[in-house]
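Below you'll find the structure, written out as structure tokens, and then a few comments.
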Amino acid sequence: MIRHVLAWMFLAAPLVAQPEDLGTRGRTAPVDRDAREQMKDRIRQKEASGELARFWADYRNKVVDAIKRPAPLGVPTDARLRTELHQLRFVMPQDYRDESGRVVVRRGTVIEPLKIQPLTTGLIFIDGRDEAQVQYALAAGRRERLKIVLTAGSPYDLRVRFKDVTWNGMPTVPFYFDQRKLIINQLQRLYGIQLRSVPAKLTQQGAQLQIEFGMRK
């Protein structure tokens, strides 16, 4: 009986013991601020230091420069004369539907675009960095209706340079750039035509597309 009492006394002892600082099991940290607020603070710091203004100015300058002076498309120059004739036609790979879902052109239909819409203005592709090609394109454009399309060089600089030269009834010469090889790739994909070199003049001859490579003297 005494042993039972002593046992209960031992178990109950902590319940009546004096409070004691046993330390901290795990360290706690203050709650982080909202990530959005931290980001706003960071942006305010960059605004105050002028870093943000410099970033946007640099970005704007790069975008404008890329538009004014796009990267060359990698099409080589070859002045040797040669002429190709191509029948422009392709077969619809699937039904073409309008906005209401109605079939306008059925799969398998042969399309000949030059018969549907004649090419009233030709294209002449040149390297705008080559003065001989620029002058060749300008001379050709005085004899027939052409649009000058660059594969390299700055259409902006050439427009400024020839801004006072009349062209097909316009007060200035418009120079274009084949952005991302859109025209060249479409010719390759739809008709298997490869523009491997410049200058290259594209005009319609009857129902065919004529490509005249090189420069006539």
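On the full set of protein chains, 1.4 Å probe, figure out the accessible area of Arg82 and give it in Å² to the nearest 10.
Counting only protein heavy atoms, Arg82 exposes about 80 Å² to solvent.
Dipole of segment 128-198, Cα-centred, from +1 at each Lys and Arg C-beta and -1 at each Asp and Glu C-beta, to the nearest 20 debye? All intermediate terms of the calculation are to be shown ahead of the outcome.
Values: 12 positive and 6 negative charges, 43 e Å.
The dipole of segment 128-198 has a size of about 200 debye.
Accessible surface of Thr172 in the full protein assembly, 1.4 angstrom probe, to the nearest 10 Å²?
Spelled out: Thr172, probe radius 1.4 Å, area about 50 Å².
Give me the extension gain from Ala79 to Ala139: residue separation times 0.36 nm, minus the current Cα-Cα distance, reported in nm with one decimal.
Working: separation 60, 0.36 × 60 = 21.60 nm, distance 1.56 nm.
Taking Ala79 through Ala139 to full extension adds about 20.0 nm, to one decimal.
Go from 0 up to the bin containing the longest alpha carbon distance in segment 168-217, width 10 Å each, and give me the % of pairs per bin.
Percent of pairs per bin, in order: 20, 45, 31, 4.
Take Gln210 and Leu190, extend 7 Å from each Cα along the Cα→Cβ direction, and tell me the distance between the two endpoints in nm.
Taking the two extended label points, one gets 2.1 nm.
Kindly state, to the nearest 0.05, the FRET efficiency for Met170 paired with Ala48, given R0 = 41 Å and r defined as their beta-carbon distance. If you can, show how the numbers build up before the last one.
Numbers: r = 49 Å, r/R0 = 1.21.
Given R0 = 41 Å and the Cβ-Cβ separation, E is 0.25.
Taking segment 58-204, how much of its Cα-Cα pair set, in percent, is spaced more than 28 angstrom apart? Walk me through the intermediate numbers first.
On the way: 3417 of 10731 pairs.
Here the long-distance tail beyond 28 Å is 32 percent of all Cα pairs in segment 58-204.
So how far apart, in nm, are the two label points at Met39 and Lys68 if each is 7 Å from Cα heading toward Cβ?
Rounded to a tenth, the inter-label distance reads 3.4 nm.
When only the heavy atoms of the protein chains count and the probe is 1.4 Å, how do Val160, Val165 rank by accessible area, highest first? Before the final figure, lay out the partial values.
Details: Val160 70, Val165 50 Å².
Ranked from most to least accessible, the order is Val160, Val165.
The values are calculated or read from the model by the stated rules, or taken from the named source; none is laboratory data. Being a predicted model, the structure only gives us computed values, none of them experimental. Using ideal geometry, Cβ is built from the backbone for each residue, glycine included, and neighbour counts are taken over all protein chains shown. Just so you know, the surface numbers come from the protein's heavy atoms only, side chains and all, with ligands and any DNA or RNA stripped out. Shrake-Rupley method; radii C 1.70, N 1.55, O 1.52, S 1.80 Å.
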